[in-house]
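First the structure, in the form of structure tokens, and then the observations on it.
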Amino acid sequence: MNLGSIYRAQLKTTMAVQLQYRVSAIIWLIGLVIPPLVYLVVWRTVAEAGGGSVGSYDTAEFATYYIIVMVVNHLAFIWHMWEYDYRIREGVLSGLLLRPLHPIHADIAENLSYKALTTLVVIPAAILMSVLFKADWNVSLTNALFFIPAMIMAFFVQFFLGWALAMAAFWTTRINAINRMYFLGKLFLSGQMAPLALLPPALQTAASISPYRWMISFPVELLLGNLMLREIWIGLAVQVLWIGIGLLAVKFVWRAGIRRYSAFGA
Amino acid sequence: MSYLRIIWIYFRLGILSELEYRANFFVQLLESLLGLAVALGGLAVVFNHTDTLGGWLPEHLLVLVGIHIHVGGIINMVISPSMQRFMEDVRKGTLDFTIIKPADSQLLVSVQRVEIWKLVDVVLGLVVMVVGMVRLRAAIGWGETAVFLLAMFCGAAIVYSFYLILSTFSFWFVKVENILVIFQSMYQAGRWPVGIYPDWLRFTLTFLVPIAFAVTVPAEGLTGQLTPQTLWLAVGIAAMMLISSRTFWKIGIKYYSGASA
């Protein structure tokens, strides 16, 4: 059996599972929409008080910004750091290990099919927000084309780093604190809270050095047309770099973790 | 056995079990400080570009952030972990063990898990609140204090009832845990005064997911912006929510058929 058909099989099962939990899909959608909505409203209030704009963003651009943030974050987010603790504690991992394939493949396939399904809900939400907040859509074709690889790589930057982080569960059973720290950093430095351009210069630098900017902000800035061609190429290169680091992290942490797992399962 | 004694027993259990994991205290402290840093950082970034936000001064928002952390701490210390445990129990059928105990099941379920290190947030929130008040240089009389305490109590009652109602749904629906995700993400919205939100969202945050009553209203009480009408509305809704959540719980528990049945 080749990798392709394994992925197809996984897609099919995940779809079937997801279709069983339609209510939780809607609940989850609310969780996805609220944070960008809140920051959008805050910044819109600030912009209105300050004569219509903050920095280079006016109210309509804030709307566009946060809608794209929402979609990008949806396409790129992963949840395994919340799940591995359970997999290890309850021994679910043992079953996954029996399969003649690295468990990360099942997770990627699951993630992709979940996204394929939920995007059908996210798009209408984005359109609705776009109408409610009078977003300003002015995207060039070049940027739209560059957005595709940037988006795909943003997903893998988050996936590999997030998955490596999930492996912390091999060493501690209480990984919530670690996860929270990870997400707090992400909130600030990935552009979820405010466009990075509105942060103090020191934080902008920190965001660029950290992987966070390349998980969300970069594809968003790109699509909004805030980046020069040179910056786009550099950004894509940095994403490749972080994917490489993420892959190495996954490899080493997994190997070390799995050794530990068999030690305490026995 | 009195209710207070039951609550105390569970608190003691929470303390005892967490004392086994003392390192978690420092993890929690770190996490709380990071959370505070993000909240204050958010304020700093916003007020870097403006002087007031929807009529609120930075100091007012500091008080609001303090209350937000404080109330969030209470929720994450008792309400949320207990309800999560409860929903898990329903799914697995282990709720049977709670029901057979000779005490009120709603009470047992509501306090069954105490994550004691979240006290860090409870205390930290108070500190931030006081710092905000001091920076406002506002004189707080007994009147404001009483109004604030009443508003806090109503907010807590409303949030608790809201959690209980949501959790009770798990008697009928599986995988309701995700519903807590709604609250958690909606709760973030409470870090800002609800007055800035568009009407439909303000309505949602006031009546559907009652975060306005838990955070904004007490903050208004403390900073002297609260109208008597809003306060009485809070009292009325608190009473109504307590009664309806209790009623709904009783219906739910009757419907529950156990693991072996």
Among the residues of segment A:214-247, write down those that are among the acidic types (Asp, Glu) and open to solvent by 60 Å² or more (accessible area, probe 1.4 Å). A:GLU231
Please pick out the residue among A:ILE26, A:ILE34 that is within 12 Å of chain B (Cβ to nearest Cβ), under 24 Å from B:ILE182 (Cβ atoms) and open to solvent by 30 Å² or more (accessible area, probe 1.4 Å). A:ILE26
The residue from B:ALA138, B:ALA44, B:ALA39 that alone is out of contact with any helix residue (DSSP H, G or I) (no Cβ under 7 Å at 6 or more places or on another chain), farther than 22 Å from B:LEU166 by Cα and outside any loop (DSSP other than H, G, I, E, B) is B:ALA44
Answer yes or no: is there a residue in segment A:61-77 that is open to solvent by less than 50 Å² (accessible area, probe 1.4 Å) and free of Cβ contacts under 8 Å to residues at least 12 places away in the same chain. no
Just to be sure before I move on: is B:ALA103 closer than 23 Å to B:LEU231 by Cβ, out of contact with any strand residue (DSSP E or B) (no Cβ under 8 Å at 6 or more places or on another chain) and not aromatic (Phe, Trp, Tyr) in the structure I sent? no
Have a look at B:LYS254, B:LYS250 and point out the one that is part of a helix (DSSP H, G or I), at pLDDT 90 or above and among the basic types (Lys, Arg). B:LYS250
Failed condition for B:PHE173, given (1) under 28 Å from B:TRP56 (Cβ atoms); (2) within 14 Å of another protein chain (Cβ to nearest Cβ); (3) surrounded by fewer than 16 Cβ atoms within 10 Å (Cβ to Cβ): (1)
Selection from segment B:181-217 of residues among the small types (Gly, Ala, Ser), within 10 Å of another protein chain (Cβ to nearest Cβ) and open to solvent by less than 40 Å² (accessible area, probe 1.4 Å) yields B:SER185, B:ALA189, B:GLY190
Within segment A:44-56, restricting to residues that are assigned to a helix (DSSP H, G or I) and more than 8 Å from chain B (Cβ to nearest Cβ), the one that is least open to solvent (accessible area, probe 1.4 Å) is A:ALA47
The condition of being closer than 29 Å to A:TRP254 by Cα and open to solvent by 50 Å² or more (accessible area, probe 1.4 Å) holds, among A:LEU3, A:LEU120, only for A:LEU3
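Residue by residue, here is whether (1) assigned to a helix (DSSP H, G or I); (2) modelled with pLDDT under 85; (3) not aliphatic (A, V, I, L, M) holds:
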position: B:VAL78; (1), (2), (3): yes, no, no
position: B:ARG85; (1), (2), (3): yes, no, yes
position: B:GLU88; (1), (2), (3): yes, no, yes
position: B:PHE97; (1), (2), (3): yes, yes, yes
position: B:PRO102; (1), (2), (3): no, yes, yes
position: B:LEU107; (1), (2), (3): yes, no, no
position: B:SER110; (1), (2), (3): yes, no, yes
Residue that is nearest to B:ALA157 (Cα to Cα) [pool: residues in segment B:27-81 that are within 11 Å of another protein chain (Cβ to nearest Cβ), in contact with a Leu (Cβ under 7 Å, 6 or more places away or on another chain) and β-branched (Val, Ile, Thr)]: B:VAL38
Collect the residues in segment B:3-26 that are open to solvent by 100 Å² or more (accessible area, probe 1.4 Å) and away from chain A (no Cβ under 14 Å), keeping them in residue-number order. B:TYR3, B:LEU4, B:ARG5, B:TRP8, B:ARG12
Determine if segment A:249-263 includes at least one residue that is under 20 Å from A:ILE67 (Cβ atoms), in contact with a Ser or Thr (Cβ under 9 Å, 6 or more places away or on another chain) and not in a loop (DSSP other than H, G, I, E, B). no
Checked pairs for segment B:44-72, first surrounded by fewer than 21 Cβ atoms within 10 Å (Cβ to Cβ), second of a type in the set (Lys, Arg), C-beta under 6 Å and 6 or more apart or across chains, list as B:GLU59/B:ARG135
For segment A:4-18, state whether one or more residues are at pLDDT below 80 and not in a helix (DSSP H, G or I). no
For segment B:142-164, give me each residue that is of a type outside the set (A, V, I, L, M) and in contact (Cβ under 8 Å) with a residue 60 or more places away in the chain. B:GLU144, B:PHE148, B:PHE153, B:CYS154, B:GLY155, B:TYR160, B:SER161, B:PHE162, B:TYR163
Segment B:218-261, residues that are within 23 Å of B:GLU59 (Cα to Cα) and either touching a residue at least 60 places away in the same chain (Cβ under 8 Å) or surrounded by 13 or more Cβ atoms within 10 Å (Cβ to Cβ) (or both): B:PRO218, B:ALA219, B:GLU220, B:GLY221, B:LEU222, B:THR223, B:GLY224, B:GLN225, B:LEU226, B:THR230, B:LEU231
Working carefully through the options B:GLY195, B:GLY155, find the one that is assigned to a helix (DSSP H, G or I), small (Gly, Ala, Ser) and in contact with a strand residue (DSSP E or B) (Cβ under 9 Å, 6 or more places away or on another chain). B:GLY195
Can you list residue pairs whose Cβ atoms sit under 8 Å apart, with the first residue in segment A:219-241 being under 9 Å from A:ALA150 (Cβ atoms) and the second being outside any helix (DSSP H, G or I) and not small (Gly, Ala, Ser)? Count only pairs 6 or more apart in sequence or on different chains. A:LEU223/A:VAL139; A:GLY235/A:LEU227
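The values are calculated or read from the model by the stated rules, or taken from the named source; none is laboratory data. Values in this document were obtained by computation on a predicted structure and should not be read as measured data. Glycine also receives a Cβ, built like all others from the backbone with ideal geometry; neighbour counts cover every protein chain displayed. For accessibility, only protein heavy atoms count, side chains too; no ligands or nucleic acids. Shrake-Rupley method; radii C 1.70, N 1.55, O 1.52, S 1.80 Å.
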